[in-house]
Amino acid sequence: MEKALDFKPKFLSAVKNYDRKTFMADLMAGVIVGIVALPLAIAFGIASGVSPEKGIITAIVAGLAISLFGGSKVQIGGPTGAFIVIVYGIIQQYGMQGLTIATLMAGVFLILLGVLRLGTIIKYIPYPIVVGFTSGIAVTIFTTQVKDLLGMTIDHVPSDFVEKWVAYFSHIGTTDLWSAVVGIVSVIIIASWPMLVRKFHLSPLKALPGSLAAIVLMTVAALLLKQYAGVTSIETIGDRFSISSQLPGAVVPELTWETIKGLVGPAVTIAVLGAIESLLSATVADGVIGDHHNSNTELIGQGIANIASPIFGGIPATGAIARTMTNINNGGRTPIAGIIHAVVLLLIFLFLMPLAQYIPMACLAGVLVVVAYGMSGWRSFLAMTRRNPKSDVTVLLLTFFLTIIFDLTVAIEFGLICACLLFMRRMAETTEVHAVLNEIDLNEDADMQAGNLEHLTIPEGVEVYEINGPYFFGAGTRFEDIMARYGSRPQVRIIRMRKVPFIDSTGLHNLENMCRMSQKEGITVVLSGVNAKVDAVLRRNHFEQLLGADNICNHIDLALARARQLVGHDTTAQ
């Protein structure tokens, strides 16, 4: 019997046969991933509208929880670029307390998704929607970083996408040359770091991420320019934020029913996006290490992480594909690597956090520009617009532009509605209805009992129609169109339903209307080849009384025999 709760953290199974060799591999991977996560956590925190330490706290608390309670062996959790737009918008509208409550609610929703075993359903969100909002988020992230990348002086940056670009162009004259140089050089260093390591044989620095290399080099360069060249226009983290290296205590916000009702929408958006991104990351990881994650356990682990993170002052978190792949590529094979990654970040936070105040804002903007480029998936985006059906392209573009112009909540809602409507149309189109003329070829028929005969002749005064596919919305209208095209008024109308796997209420309503209209015209309807499931539905809806039990036949030769009887012909098959 299937258990009610599918919660089996990979951590528990991983530690059963744990050995020193595996630990050393996890240790190396965990240290490297912790170093990789540092600049991203700071950048994601600032871009989301919170202080830099909140980004690191999120990576520590949520990263630890996801490794302890998640359903993937190698998943690395923390703040991600996908949440930047959502978090920033929630803070602007509801404040930091609103974000905390929305994240807590999202954590509860994620746990419910896992408890209700909906982990596999999340994977069925249409690919065009995923590509559309991911690319839209990437464009939005890039847009939010233009000011810091170029060192512009703008008192208030509008939240609207179009207005933001209008403000940028109108303030282009306030661009600070030195900040722009720092930002652009940071992008170049990150993009070319692997090539520089190979070209100059810097193998000891191979494990150092390009983003951290750019931060170190640009921070040193900014300090030297300030010290020896008198350049003071390069804004740093310390100029905008007060840095704290003290771990905050656990604080549970005050919850009221009105607040909860107002934050349901943002919370659902956080939960859905967190579920999609974490399961996508876990699926990608499975393909690399040859394992199978537990989707429901992963969602519960993500839920626990998103309850713990805001209590300690963090922001929403999910599985991060880039950090998970870094973990795998450096030898991580158990959740211990993720735990070590959190410990490394904790040590950096406690002992090195004050140094973060010297990091140039333009450099962090450069890090996020590269992140946005990686998220954009422009090759997949262009490939979908060229090769996929127009309906998929419509969903893709709709989700993309709604994400940019409005927000992710609107984009996901409209994208899903559009995808569902297009799916319904496609499903309706899969059902074929056609008229059978003169005779029936029995070679491909499964619902006949005609001995060695190859054909059954359709007698005069009888029409035969065949439905191939589910009989639901759309099929009834197509059926009426085919009958109108046939043009004549027969005495008997046979409807072959041998290839109808099921019938829904709409199809049932259409079939009943067609039978009643036929009866008003003096036409007897005979059903043929009705399978057991469909027959049970028809009987529950009293079709035996409507048509007569003799007019619901198991196979076509009985239906034709009944038709001959009704039109006055010999009942012997010809």
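Being touching a Leu at 6+ places or on another chain (Cβ under 6 Å) and of a type in the set (A, V, I, L, M, F, W, C) narrows it down to one residue among Ala356, Ala419, Ala411; which is it?
Values: Ala356 fails: touching a Leu at 6+ places or on another chain (Cβ under 6 Å); Ala419 fails: touching a Leu at 6+ places or on another chain (Cβ under 6 Å).
Criteria check complete, one pass: Ala411.
Exactly one of these conditions fails for Leu5: (1) under 18 Å from Thr318 (Cα atoms); (2) under 25 Å from the mean Cα position of the chain (by Cα); (3) not hydroxyl-bearing (Ser, Thr, Tyr). Give me its number.
Among (1) under 18 Å from Thr318 (Cα atoms); (2) under 25 Å from the mean Cα position of the chain (by Cα); (3) not hydroxyl-bearing (Ser, Thr, Tyr), the lone unmet condition for Leu5 is (1).
I'd like the residue in the stretch 462-501 that is in a loop (DSSP other than H, G, I, E, B) and aromatic (Phe, Trp, Tyr) and, out of all such residues, is modelled with the lowest pLDDT.
Quick first cut of the stretch 462-501, residues in a loop (DSSP other than H, G, I, E, B) only: 469-470, 472-474, 487-491, 500-501.
Checking the rest, the ones that are also aromatic (Phe, Trp, Tyr) come to 472-473.
Numbers: Phe472: 77, Phe473: 67.
Going through the qualifying residues, I end up with Phe473.
Being open to solvent by 70 Å² or more (accessible area, probe 1.4 Å) and either in contact (Cβ under 8 Å) with a residue 12 or more places away in the chain or of a type in the set (Ser, Thr, Tyr) (or both) is the filter here; which residues of the stretch 217-230 pass it?
Answer for the stretch 217-230, where residues must be open to solvent by 70 Å² or more (accessible area, probe 1.4 Å) and either in contact (Cβ under 8 Å) with a residue 12 or more places away in the chain or of a type in the set (Ser, Thr, Tyr) (or both): Leu217, Leu223, Tyr228.
Spot the failing condition for Ala317; the list is (1) modelled with pLDDT of 95 or more; (2) surrounded by fewer than 24 Cβ atoms within 10 Å (Cβ to Cβ); (3) within 19 Å of Ala47 (Cβ to Cβ); (4) among the aliphatic types (A, V, I, L, M), and only one is missed.
Here Ala317 clears every test but (2).
Out of Lys10, Lys54, which single residue is crowded, with 19+ Cβ neighbours inside 10 Å, over 24 Å from Ile243 (Cβ atoms) and either out of contact with any His (no Cβ under 6 Å at 6 or more places or on another chain) or among the acidic types (Asp, Glu) (or both)?
Numbers: Lys54 fails: over 24 Å from Ile243 (Cβ atoms).
Within the list Lys10, Lys54, the selection yields Lys10.
Within the stretch 23-33, can one find any residue that is out of contact with any Gly (no Cβ under 8 Å at 6 or more places or on another chain) and in a loop (DSSP other than H, G, I, E, B)?
No, there is no match, as no residue in the stretch 23-33 is out of contact with any Gly (no Cβ under 8 Å at 6 or more places or on another chain) and in a loop (DSSP other than H, G, I, E, B).
List, please: which pairs have Cβ atoms under 8 Å, are six or more places apart or on different chains, and start with a residue in the stretch 244-265 that is over 28 Å from Ala411 (Cα atoms) and at pLDDT below 85 and end with one that is polar (S, T, N, Q) and open to solvent by 50 Å² or more (accessible area, probe 1.4 Å)?
Note: no pairs meet the criteria.
Within the stretch 83-92, does at least one residue satisfy the condition of being over 21 Å from the mean Cα position of the chain (by Cα) and modelled with pLDDT under 95? Quick ask: steps written out before the conclusion?
Quick first cut of the stretch 83-92, residues over 21 Å from the mean Cα position of the chain (by Cα) only: 91-92.
Checking which are modelled with pLDDT under 95 leaves us with 91-92.
For the stretch 83-92, residues over 21 Å from the mean Cα position of the chain (by Cα) and modelled with pLDDT under 95: present.
When you check Lys8 against the structure, is it among the charged types (D, E, K, R) and over 30 Å from Tyr94 (Cβ atoms), yes or no?
Values: among the charged types (D, E, K, R): yes; over 30 Å from Tyr94 (Cβ atoms): yes.
Yes, satisfied.
May I ask you to verify whether Lys73 is open to solvent by 30 Å² or more (accessible area, probe 1.4 Å) and assigned to a loop (DSSP other than H, G, I, E, B)?
Numbers: open to solvent by 30 Å² or more (accessible area, probe 1.4 Å): yes; assigned to a loop (DSSP other than H, G, I, E, B): yes.
Yes; evaluated as a whole, the condition is true for this residue.
Of all residues in the stretch 95-124, which are part of a helix (DSSP H, G or I) and at pLDDT below 90? Spell out the reasoning first.
Going residue by residue through the stretch 95-124, those that are part of a helix (DSSP H, G or I) are 95-115, 119-122.
Passing the criteria: Gly119, Thr120, Ile121, Ile122.
Per-residue answers, yes or no, for (1) under 30 Å from Trp378 (Cβ atoms); (2) over 19 Å from the mean Cα position of the chain (by Cα):
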{"site": "Ser72", "(1), (2)": "yes, no"}
{"site": "Ile111", "(1), (2)": "no, no"}
{"site": "Gly119", "(1), (2)": "yes, no"}
{"site": "Lys164", "(1), (2)": "yes, yes"}
{"site": "Ile172", "(1), (2)": "yes, yes"}
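Taking only pairs six or more apart or across chains, which ones have beta-carbon atoms under 8 Å, a first residue in the stretch 190-216 that is touching a residue at least 24 places away in the same chain (Cβ under 8 Å), and a second residue that is open to solvent by less than 30 Å² (accessible area, probe 1.4 Å) and outside any helix (DSSP H, G or I)?
Ile215/Ile359
Could you tell me which numbered condition Val251 fails, if it satisfies all but one of (1) of a type outside the set (Asp, Glu); (2) surrounded by 13 or more Cβ atoms within 10 Å (Cβ to Cβ); (3) part of a loop (DSSP other than H, G, I, E, B)?
Here Val251 meets the rest and fails (2).
I'd like the full set of residues that are of a type in the set (Gly, Ala, Ser) and modelled with pLDDT of 95 or more, limited to the stretch 215-232.
Step one: filter the stretch 215-232 for residues of a type in the set (Gly, Ala, Ser), giving 221-222, 229-230.
Across the stretch 215-232, the qualifying residues are Ala221, Ala222.
For the stretch 81-89, state whether one or more residues are open to solvent by less than 20 Å² (accessible area, probe 1.4 Å), assigned to a helix (DSSP H, G or I) and farther than 28 Å from Cys420 by Cα. So that I can check it myself, show each step before the final result.
Within the stretch 81-89, the first condition is being open to solvent by less than 20 Å² (accessible area, probe 1.4 Å), and the residues that meet it are 81-84, 86-87.
Filter once more, so that each one left must be assigned to a helix (DSSP H, G or I): 81-84, 86-87.
With farther than 28 Å from Cys420 by Cα added as a condition, the list becomes none.
No.
Pick from Val139, Val108, Val115, Val146: which is open to solvent by less than 40 Å² (accessible area, probe 1.4 Å) and not polar (S, T, N, Q)? Lay out the reasoning, then the answer.
Working: Val139 fails: open to solvent by less than 40 Å² (accessible area, probe 1.4 Å); Val108 fails: open to solvent by less than 40 Å² (accessible area, probe 1.4 Å); Val115 fails: open to solvent by less than 40 Å² (accessible area, probe 1.4 Å).
None of the others qualify; the one that does is Val146.
Name the residues in the stretch 149-160 that are open to solvent by 40 Å² or more (accessible area, probe 1.4 Å) and within 30 Å of the chain's Cα centre (by Cα), would you?
Result: Ser159, Asp160.
One residue is enough: does the stretch 331-338 have a residue meeting the conditions open to solvent by 20 Å² or more (accessible area, probe 1.4 Å), over 28 Å from Thr403 (Cβ atoms), modelled with pLDDT under 90 and not in a helix (DSSP H, G or I)? Before you say what the answer is, go through the steps one by one.
Applying the first criterion (open to solvent by 20 Å² or more (accessible area, probe 1.4 Å)) to the stretch 331-338 yields 331, 333, 336.
Okay, now just the ones that are also over 28 Å from Thr403 (Cβ atoms), so 331, 333, 336.
From what is left, the residues that are modelled with pLDDT under 90 are none.
Looking through the stretch 331-338, none of the residues is open to solvent by 20 Å² or more (accessible area, probe 1.4 Å), over 28 Å from Thr403 (Cβ atoms), modelled with pLDDT under 90 and not in a helix (DSSP H, G or I).
Name the residue that is farthest from the chain's Cα centre (by Cα), counting only residues in the stretch 95-109 that are of a type in the set (Gly, Ala, Ser) and over 22 Å from Gly70 (Cβ atoms). So that I can check it myself, show each step before the final result.
Here is the first cut: in the stretch 95-109, the ones of a type in the set (Gly, Ala, Ser) are 95, 98, 102, 106-107.
Next cut, over 22 Å from Gly70 (Cβ atoms) only: 95, 98.
Details: Gly95: 27, Gly98: 24 Å.
Across the stretch 95-109, the extreme among qualifying residues is Gly95.
Working carefully through the options Thr297, Thr256, Thr283, find the one that is touching a Pro at 6+ places or on another chain (Cβ under 9 Å) and either surrounded by fewer than 21 Cβ atoms within 10 Å (Cβ to Cβ) or closer than 15 Å to Gly114 by Cβ (or both).
Details: Thr256 fails: touching a Pro at 6+ places or on another chain (Cβ under 9 Å); Thr283 fails: touching a Pro at 6+ places or on another chain (Cβ under 9 Å).
Sole residue among the options that is touching a Pro at 6+ places or on another chain (Cβ under 9 Å) and either surrounded by fewer than 21 Cβ atoms within 10 Å (Cβ to Cβ) or closer than 15 Å to Gly114 by Cβ (or both): Thr297.
Could you name every one of the helices (runs of 4 or more DSSP H) located completely within the stretch 507-567 that has at least 3 residues being under 40 Å from the mean Cα position of the chain (by Cα) and surrounded by 13 or more Cβ atoms within 10 Å (Cβ to Cβ)? Outline the logic, then answer.
Working: elements: 532-540, 543-547, 556-567.
Output list reads 532-540.
Does the stretch 17-29 include one or more residues that are open to solvent by less than 10 Å² (accessible area, probe 1.4 Å) and not acidic (Asp, Glu)? Even if it seems obvious, please write down each step before you answer.
Let us first name the residues in the stretch 17-29 that are open to solvent by less than 10 Å² (accessible area, probe 1.4 Å), namely 26, 29.
Pick out the ones that are also not acidic (Asp, Glu) and you get 29.
So far as the stretch 17-29 goes, yes, one or more of its residues are open to solvent by less than 10 Å² (accessible area, probe 1.4 Å) and not acidic (Asp, Glu).
If you take the residues of the stretch 393-412 that are open to solvent by less than 10 Å² (accessible area, probe 1.4 Å) and hydrophobic (A, V, I, L, M, F, W, C), which of them is nearest to Lys164 (Cα to Cα)?
Kept after step one, since they are open to solvent by less than 10 Å² (accessible area, probe 1.4 Å), are these residues of the stretch 393-412: 395-396, 399, 403, 408, 411.
Now restrict to residues that are hydrophobic (A, V, I, L, M, F, W, C): 395-396, 408, 411.
Numbers: Val395: 25, Leu396: 24, Leu408: 17, Ala411: 19 Å.
Top of the filtered list is Leu408.
I'm trying to understand the selection: among the residues of the stretch 424-461, which are assigned to a loop (DSSP other than H, G, I, E, B) and at pLDDT 75 or above?
Narrowing the stretch 424-461 to residues assigned to a loop (DSSP other than H, G, I, E, B): 431, 437-438, 442-454, 458-461.
Thr431, Ile458, Pro459, Glu460, Gly461, listed by residue number.
Please go through the stretch 351-392 and pick out each residue that is hydrophobic (A, V, I, L, M, F, W, C) and surrounded by fewer than 16 Cβ atoms within 10 Å (Cβ to Cβ). Can you show your working first?
Narrowing the stretch 351-392 to residues hydrophobic (A, V, I, L, M, F, W, C): 351-353, 355-356, 359, 361-365, 367-372, 375, 378, 381-384.
Within the stretch 351-392, Phe351, Leu352, Leu355, Trp378, Leu382, Ala383 qualify.
The values are calculated or read from the model by the stated rules, or taken from the named source; none is laboratory data. Keep in mind it's a predicted model, so treat the numbers as computed, not measured. Note that each Cβ is placed from the backbone with ideal geometry, even for glycine, and that neighbours are counted across all protein chains shown. Accessible surface is based on the protein model in full, side chains and every heavy atom, while ligands, DNA and RNA are left aside. Shrake-Rupley method; radii C 1.70, N 1.55, O 1.52, S 1.80 Å.
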